[in-house]
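The values are calculated or read from the model by the stated rules, or taken from the named source; none is laboratory data. This one's a predicted model, so the numbers in the text were calculated from it and none came from an experiment. Because the Cβ atoms are built from the backbone with ideal geometry, glycine has one as well, and the counts that use them run over all protein chains shown. Quick note on the areas: whole protein, heavy atoms, side chains included, nothing else; ligands and nucleic acids left out. Shrake-Rupley method; radii C 1.70, N 1.55, O 1.52, S 1.80 Å.
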Amino acid sequence: MSQPEGRMKPFESMTHAGQLRCLSRLAVKALTAYDIPVSNLTALQHEDNTTFRVDLATGERYVLRIHRPALRTVESVRSEMMWLAALRRETDLVVPEPLPTRDGNLLTVTSVAEIPEPRICVLFRWIPGRFLDARLTPSHLERVGAFMASVELHGAQFRPPMGFVRGRLDNLTDKARRTAARGAGQALVRQQIDNPADEMAAIRLVTEICSPEAGACVATLIRKIRDVQQIVGQKPETFGLIHGDLHQGNYFFHQGQVRAIDFDDCGYGYYLYDIAVTLSEVNWRESTPALQKSFLAGYRSVRVLSSEHERHLDTFIALRDLQLIIRKIEMRNHPAFRDGWASSVKEMLQDVKKFVERQKT
């Protein structure tokens, strides 16, 4: 049945290009809150969040990030900006610089008729550099390891101001992440490991969308992950404020210097998880052993990582893989995932099965 003339298709049902057209109109409106004369907008990414490059006639360049609704709150996004500001003020690490609106706020909330809910938007100054991806060498990963450890050191010393809200990073489902984004208090953030409702929701989702066998495999994996988390413990040397998403799409290089972007997932987690995110993304290469060795050498040049804890890295990589599986299933109707989610999830579940079987030997 065709769409009635004059009635707009629901945003969630639009194509990738259709959603971007609506979001570009929202971006133009959001930028009116800032004191910059916009010359051109270029879409960069449209997945969880949507980002646009903002070019000015002067040659200056910025990035506007539009948040997916409900996953973040104004308080949690503002808290990300607080940590970024502190990192820029107190270290020489190159991380995003948030720009204030005309009113002095580090975010703005904007809406347009084509999109059913208001969106939180933030503007950052552009950071020059080049992504290397397949051209990454052990030398590059050594510098990334040292960078990550330096961010973690700052996170450990950072004294969150009143109103600072960032959740745990070991949640599995979208609902649990949304709950964490609203902040349950620092004591709970630091103490909770088991989250039965989140775990059961993840198992049920995989069982219903994939297969009962896959659901049973995921249940076994979750139990292994929680057991290892209990062993590692939530001590100052193992758990703290981290970037949480430092894969090679979020770090790049300029004149040999590591630079990092996208602190949107920053929060409280295991330092092993922080490491696992980076190493899981280079786990398929022939040079993986050399890359991992160099990364850990760089990391250890800044902060301690015991060999006892290092042996649990594979379990935290499995946690990251499981989170990506759940995310792809939950986002399967998003234009960025509609075509490829099923084959990707099937392949990743095979890796989970292999990991679970290795634990039995």
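For the range 143-156, the count of residues that are in contact (Cβ under 8 Å) with a residue 12 or more places away in the chain, surrounded by fewer than 20 Cβ atoms within 10 Å (Cβ to Cβ) and closer than 30 Å to residue 28 by Cβ is zero. Residues in the range 315-355 that are surrounded by fewer than 17 Cβ atoms within 10 Å (Cβ to Cβ), under 23 Å from residue 269 (Cα atoms) and in contact (Cβ under 8 Å) with a residue 40 or more places away in the chain: 0 in all.
Going by the structure shown, is residue 117 closer than 20 Å to residue 273 by Cβ, open to solvent by less than 50 Å² (accessible area, probe 1.4 Å) and in contact (Cβ under 8 Å) with a residue 24 or more places away in the chain? Taking the combined requirement at face value, the residue does not satisfy it. Checked against (1) in a loop (DSSP other than H, G, I, E, B); (2) open to solvent by 50 Å² or more (accessible area, probe 1.4 Å); (3) under 26 Å from residue 24 (Cβ atoms), residue 159 passes all but condition (3).
The set of residues from the range 22-39 being assigned to a helix (DSSP H, G or I), of a type outside the set (Gly, Ala, Ser), open to solvent by 10 Å² or more (accessible area, probe 1.4 Å) and touching a residue at least 24 places away in the same chain (Cβ under 8 Å) comprises 25, 29. Filtering 42, 51, 58 for residues that are among the hydroxyl-bearing types (Ser, Thr, Tyr) and either on the phi > 0 side of the Ramachandran plot or in a loop (DSSP other than H, G, I, E, B) (or both) leaves a single hit, 58.
Residues of the range 58-74 that are closer than 23 Å to residue 35 by Cα and touching a residue at least 24 places away in the same chain (Cβ under 8 Å): 60, 61, 62, 63, 64, 65, 66, 67, 74.
Restricting attention to the range 101-110, the residues that are more than 25 Å from residue 252 (Cβ to Cβ) and part of a loop (DSSP other than H, G, I, E, B) total 5. Any residue that is part of a helix (DSSP H, G or I) and buried (at least 21 other Cβ atoms within 10 Å of the Cβ) - is there at least one of those in the range 234-248? No.
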